[in-house]
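The values are calculated or read from the model by the stated rules, or taken from the named source; none is laboratory data. Please read these numbers as outputs of a predicted model, since none were measured by experiment. No Cβ is skipped: glycine too gets one built from the backbone with ideal geometry, and neighbour counts run over all protein chains shown.
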Amino acid sequence: MILTAPGLRVGADLGAHLAAGGGAGLAAALRDPAAIIPVIEAAGLRGLGGAGFPTHRKWGAVAAQPGPGKWVLCNGNEDEPGTFKDRFLLAETPHQVIEGALLAALAVRAAHVALYVNPREAATVATLRDAAACWSGHPLLAEVARAVGEPVAIAVVESSGLYIGGEETAAVASVEGRFPFPSLKPPFPAEAGVHGRPTLVNNVETLAQAGHILAHGADWYRALGRGGAAGTKLFSLSGDVLRPGLHELPMGTTLRELVFDHGGGILGGRAFKAVFTGGPSNTLLTAADLDAPMDFDGLRARGSRLGTGAMIVVGEGTSILRKTAEYVAFFAASSCGQCPPCKIGTFQVARLLERIEAGTGRPGDLAALRNLAALLPGSGRCGLVDGAATVLASSLRTFPEEYARAVRG
């Protein structure tokens, strides 16, 4: 495929990246910077960090803001369980990410590029620093600066290492050197981001796609997808599968193909039970959904979301209740504490799930969980509490017998 092509896995070696065809997208964009956003729109690129927001709209919003000193923030915090696509791109193919970030800077006329990365991936951070240093003094960077109208600086910024640091306003705060507290919106980062300047925040995978689109064209990119979906998607496949790992597949590939053709099926020959789609903050899909196309619209039609593309597979014999308890405990521990409903609510849900899973649940615990699943969404400044409530509500709705059996003892 394109993002994971062996020829682009050159680490920090910029010369090898350019020799393998890298830089063609940036060169094409430099010939006509005004065409960048229209081409991105025609390609149908959407945010690949979870939300699926149309990329051209986010870029257009920042480009429309006046004045110098704008920022591009490449969000590579990636701390949610089951997600490991961004660290691969940053460690193995950092230059296609940097190229995409520079292309975005050219499109919105930004003078600062921040490569925001989780410090727990120490080798990735080191590779990214070496890769960024290779662009200093390079003619392509000088051309971008001339087109932007001011010097363009590339910096590698380590995040706090906290899950909450991946939320876009928290990432802005972290780049400024503050604690990554999410803030209320509006204003959005596109209006007032790093140091109050308009800031474009995009996921690593989104930016990595941009150079290929400008190099080969919108029609080429759209043709890579299936059934009206555009491009490719990186799926982080884990859980009860024979061949877990990172798989780049056409957007719109079915869940059955991912799990059985590429993942080798369920461990031990067990039956497929469910999958946590897009990471543990989304809804569960079951065997009835195996032929669902994995794209933004196809999964939304089934009441789910593509999210980051993390697919955590569960085979028969693995407890959904136990997995849900683990994930809600992660969210409870990850809450920044700003919003009482989030901090207290996720803690209470985690406590109830732990009690039920241990076999000491009380008759009223299930009713309490259902009430919390209904009350908590929308009560925080970011999506953390919504994610915890979503996976709770989905597991209660999809596998009620597991909860009832646990409470009966």
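Hey, does the stretch 135-143 have a residue that's within 22 Å of residue 176 (Cα to Cα) and not in a loop (DSSP other than H, G, I, E, B)? Taking every residue of the stretch 135-143 in turn, none turns out to be within 22 Å of residue 176 (Cα to Cα) and not in a loop (DSSP other than H, G, I, E, B). Of everything in the stretch 371-401 that is in contact (Cβ under 8 Å) with a residue 12 or more places away in the chain and of a type in the set (D, E, K, R), the residue that is surrounded by the most Cβ atoms within 10 Å (Cβ to Cβ) is 381. For the stretch 258-279, residues that are of a type in the set (Val, Ile, Thr) and either in a loop (DSSP other than H, G, I, E, B) or farther than 8 Å from residue 313 by Cβ (or both) total 1. Flag set for residue 147, criterion: assigned to a helix (DSSP H, G or I), in contact (Cβ under 8 Å) with a residue 12 or more places away in the chain and not acidic (Asp, Glu). Every condition in (1) touching a residue at least 40 places away in the same chain (Cβ under 8 Å); (2) touching a Ser or Thr at 6+ places or on another chain (Cβ under 9 Å) holds for residue 330 except the one numbered (2). No other residue among 344, 320 is of a type in the set (Val, Ile, Thr) and touching a Ser or Thr at 6+ places or on another chain (Cβ under 6 Å) apart from 320.
Only helices (runs of 4 or more DSSP H) whose full extent lies in the stretch 1-76 are considered here, and the ones with at least 2 residues that are within 26 Å of the chain's Cα centre (by Cα) and closer than 23 Å to residue 225 by Cα are 24-31, 36-43, 55-63.
When you scan the stretch 334-409 for helices (runs of 4 or more DSSP H) that lie fully inside it, which ones turn up with 3 or more residues that are at pLDDT 95 or above, of a type in the set (A, V, I, L, M, F, W, C) and closer than 20 Å to residue 50 by Cα?
Details: elements: 340-357, 365-375, 384-398, 400-408.
The qualifying helices (runs of 4 or more DSSP H) are 384-398.
Considering the conditions (1) assigned to a helix (DSSP H, G or I); (2) at pLDDT 95 or above; (3) charged (D, E, K, R), residue 291 is excluded by exactly one of them, (1).
Return yes or no: is residue 117 modelled with pLDDT of 95 or more, more than 20 Å from the chain's Cα centre (by Cα), farther than 23 Å from residue 54 by Cβ and outside the structural domain of residue 331 (by TED's automatic domain parsing)?
Values: modelled with pLDDT of 95 or more: yes; more than 20 Å from the chain's Cα centre (by Cα): no; farther than 23 Å from residue 54 by Cβ: yes; outside the structural domain of residue 331 (by TED's automatic domain parsing): yes.
Here the answer is no, as residue 117 does not meet what is asked.
Filtering the stretch 104-118 to residues that are at negative phi, out of contact with any Pro (no Cβ under 7 Å at 6 or more places or on another chain) and not in a helix (DSSP H, G or I) leaves 110, 112, 113, 114, 115, 116, 117, 118.
Checking each residue in the stretch 89-126 for being among the acidic types (Asp, Glu) and either surrounded by 24 or more Cβ atoms within 10 Å (Cβ to Cβ) or under 12 Å from residue 12 (Cβ atoms) (or both) picks out 92, 99. Would it be correct to say that residue 325 is over 19 Å from the mean Cα position of the chain (by Cα), buried (at least 18 other Cβ atoms within 10 Å of the Cβ) and modelled with pLDDT of 95 or more? Yes; evaluated as a whole, the condition is true for this residue. Exactly one residue out of 167, 191 is under 17 Å from the mean Cα position of the chain (by Cα) and either at pLDDT 95 or above or outside the structural domain of residue 101 (by TED's automatic domain parsing) (or both): that is 167.
Being assigned by TED's automatic domain parsing to the domain that holds residue 158, modelled with pLDDT of 95 or more and surrounded by fewer than 24 Cβ atoms within 10 Å (Cβ to Cβ) is the requirement here; does residue 65 meet it? Yes. Scan the stretch 256-263 and tell me whether some residue there is within 21 Å of residue 300 (Cβ to Cβ) and of a type in the set (Phe, Trp, Tyr). No, the conditions are met nowhere in the stretch 256-263.
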